[in-house]
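K.L.:
Sending over a structure as structure tokens; questions will come in a sec.
The values are calculated or read from the model by the stated rules, or taken from the named source; none is laboratory data. Predicted model, so just to flag it, every value in this text is computed and none were measured. Positions of Cβ are generated from backbone atoms using ideal geometry, with glycine treated the same way; all protein chains shown enter the neighbour counts.
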Amino acid sequence: MNKGESMKQAFKASAVETMTSVLIGLLVSWLITFYALPLWGLEPSPAQSLSITAVYTAASFARQLFVRRLFA
């Protein structure tokens, strides 16, 4: 295996780990958005909560993948 192949595998492993973490975070974030925002008088629908969460999830994935690659 040459260096390029091992880096490709390391990137794939980083992406899988990051996606797993992000998907768990997506569920937790959606539940918090849906149930916590009403405490401040905001009443998002489930679809609105999902849209808000999707924006933060995309940012979270990019951030986590960048940090993992920075330290790889």
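K.L.:
So which residues in segment 26-70 are among the small types (Gly, Ala, Ser) and surrounded by fewer than 17 Cβ atoms within 10 Å (Cβ to Cβ), if there are any at all?
P.N.:
Of everything in segment 26-70, those that are among the small types (Gly, Ala, Ser) and surrounded by fewer than 17 Cβ atoms within 10 Å (Cβ to Cβ) turn out to be 36, 41, 45, 47, 51, 54, 58, 59, 62.
K.L.:
Still on this structure: Does segment 38-50 include one or more residues that are of a type outside the set (Gly, Ala, Ser) and within 30 Å of residue 70 (Cα to Cα)?
P.N.:
yes
K.L.:
Hey, another quick one. Going through segment 24-72 one residue at a time, which ones are of a type in the set (D, E, K, R) and modelled with pLDDT of 85 or more?
P.N.:
The answer is 43, 63.
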